[in-house]
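A quick write-up on the structure given underneath.
The values are calculated or read from the model by the stated rules, or taken from the named source; none is laboratory data. Values in this document were obtained by computation on a predicted structure and should not be read as measured data. Backbone-built Cβ (ideal geometry, glycine too); neighbour counts: all protein chains shown. Only protein heavy atoms, including side chains, enter the accessible area calculation; ligands, DNA and RNA are left aside. Shrake-Rupley method; radii C 1.70, N 1.55, O 1.52, S 1.80 Å.
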Amino acid sequence: MERSQAAFQEATAARYPNLQLRSNLSRSDSASGELSNARQREILGDLATQQDTASTSLDGTVELSYDLYTSGLRPAQISAASSQVRFDELEVERIAHQLQFDITDAYYNLQQRDEEVRIARSAVQRFEQNLKDAEALEKAGVGTKFDVLQARVDLGNAQQDLTQALSQQLISRRNLTQLLSLPQSADIFAADPIVPAGD
């Protein structure tokens, strides 16, 4: 966006004339004049008069230019640069809204994963109790071995579901951490529990 604003400022600067200042300072010395002075000093000594053999010149130019007729190029460039600035502003706004949406979505996703972990833990506890009940019924002689085996299978499935739910929860936490530009070591969690919305 800063680049497009700079381009807009450059385009609007074309409305004003260009002013150029140039200056040149030069100094030259004549080798033959220096030799002549040296000979005079040798011959006349202190009576010799020194002649200035160096010359200094300073010149400068001032140039003011302005394009009177550009066939509409100048207003078109200004308009294009202004449109580009507006486009970039809208793009920044779009990216900000998209980021806000992505963070909100990731937060709700983490909330859902937290609830799935809670449900999976509850299911594991329930199936552990079912297994204990089936084993107790088998010992009492009113249950079957098949009931115990079925309870163990159900418990194994529930534990696998819990493992998957924990894995999905970890992925959701990492996604949210990345969107918030936090270090991966940060331990984040959803602050709000899921509650029924109502009937």
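A compact table of results
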| item | result |
| --- | --- |
| Point-charge dipole on Cβ atoms (K/R +1, D/E -1) for the chain, about Cα centre, debye to 20 | 240 |
| Inter-centroid distance (Cα atoms) of the range 61-83 relative to the range 150-165, Å | 75 |
| Rounded tilt (10° steps) of 145-179 against the dominant C-alpha axis of the chain | 20 |
| At q = 0.09, 0.14 Å⁻¹, base-10 log of I(q)/I(0) for the chain (Debye sum, equal scatterers on each alpha carbon) | -0.74, -1.00 |
| Residues of the chain: accessible area per residue with a 1.4 Å probe, Å² | 77 |
| Accessible carbon and sulfur surface of the chain relative to its total accessible area, %, 1.4 Å | 53 |
| Residue (of N157, F101, L182) at the positive-pole extreme of the chain, dipole from beta-carbon charges | N157 |
| Degrees between helix 2-12 axis and first principal axis of the chain (Cα, 0 to 90, nearest 10) | 40 |
| For peptides 126-132, 89-95, 58-64, sequence by mean Cβ density within 10 Å, most packed first | 126-132, 89-95, 58-64 |
